[in-house]
Amino acid sequence: MREVAPGDIVFSFVDTRIAALGIVSGYCRESPKPEEFGTAGTNWSQIGWRVEVRWQRLSNLIRPKDHIARLRPDLGTQYAPLTPDGNGLQSVYLTEINAALASSQSGVMAVLGMRLFGSLPS
């Protein structure tokens, strides 16, 4: 988390789909666990990390599993956010992805006619 920097792109993966793209707007900082989390994460510390992100919800959600043949070669072997068959890893909360995977994912979005942030590779 401490490697996140302003300008980084974040893909939000929710319910098997990429639901939003975000641009990090500040460095991470210590923060108490949000009250709205309620009893979720009972094993989590009460103090964690927080990073501000400006989010843009996508009107056409992308299901990476539907495009896994294109994405698989760029997944990497360590800390990949997806399994080789395209399922998301619940244990991965925030991870860096390599430029090739970001480019592949952005390419999938571009093919589907989505407008991307100017700093994303097409």
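Show the residue pairs meeting these rules: Cβ distance below 6 Å; 6+ apart or different chains; first residue within the stretch 49-63 and under 9 Å from V24 (Cα atoms); second residue assigned to a loop (DSSP other than H, G, I, E, B).
Taking only residues 6 or more apart or on different chains, the pairs are V51/V4; V51/C28; E52/S25; E52/G26; R54/S25.
Answer with yes or no whether S12 is within 17 Å of G88 (Cβ to Cβ) and part of a strand (DSSP E or B). Let's see the steps before the verdict.
Values: within 17 Å of G88 (Cβ to Cβ): yes; part of a strand (DSSP E or B): yes.
Answer is yes for this residue.
Write out, first by first residue and then by second, each pair whose Cβ atoms fall under 9 Å of each other, whose residues are 6+ apart or on separate chains, and whose first residue, in the stretch 73-86, is on the phi > 0 side of the Ramachandran plot while the second is basic (K, R).
Qualifying pairs under 9 Å: G86/R63; G86/K65; G86/R72.
Would you check if S31 is assigned to a strand (DSSP E or B), closer than 24 Å to L82 by Cα and of a type in the set (S, T, N, Q)?
Working: assigned to a strand (DSSP E or B): yes; closer than 24 Å to L82 by Cα: no; of a type in the set (S, T, N, Q): yes.
It is false that S31 is assigned to a strand (DSSP E or B), closer than 24 Å to L82 by Cα and of a type in the set (S, T, N, Q).
Return only the number of the condition from (1) more than 16 Å from the chain's Cα centre (by Cα); (2) crowded, with 16+ Cβ neighbours inside 10 Å; (3) not charged (D, E, K, R) that L58 does not satisfy.
Among (1) more than 16 Å from the chain's Cα centre (by Cα); (2) crowded, with 16+ Cβ neighbours inside 10 Å; (3) not charged (D, E, K, R), L58 violates only (1).
Scan the stretch 93-104 and report the pairs whose first residue is more than 21 Å from G48 (Cβ to Cβ) and whose second residue is surrounded by fewer than 16 Cβ atoms within 10 Å (Cβ to Cβ) and modelled with pLDDT of 75 or more, with Cβ atoms within less than 6 Å and a gap of 6+ or a chain change.
Sorted first by the residue in the stretch 93-104, then by its partner, the pairs are N98/G76; S104/R70.
Yes/no per residue for (1) loosely packed, with under 10 Cβ neighbours inside 10 Å; (2) of a type in the set (D, E, K, R); (3) touching a residue at least 60 places away in the same chain (Cβ under 8 Å):
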residue: E3; (1), (2), (3): yes, yes, yes
residue: S31; (1), (2), (3): no, no, no
residue: A40; (1), (2), (3): yes, no, no
residue: K65; (1), (2), (3): no, yes, no
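The values are calculated or read from the model by the stated rules, or taken from the named source; none is laboratory data. Since the model is a prediction, treat every value here as computed from it, not as a measurement. Because the Cβ atoms are built from the backbone with ideal geometry, glycine has one as well, and the counts that use them run over all protein chains shown.
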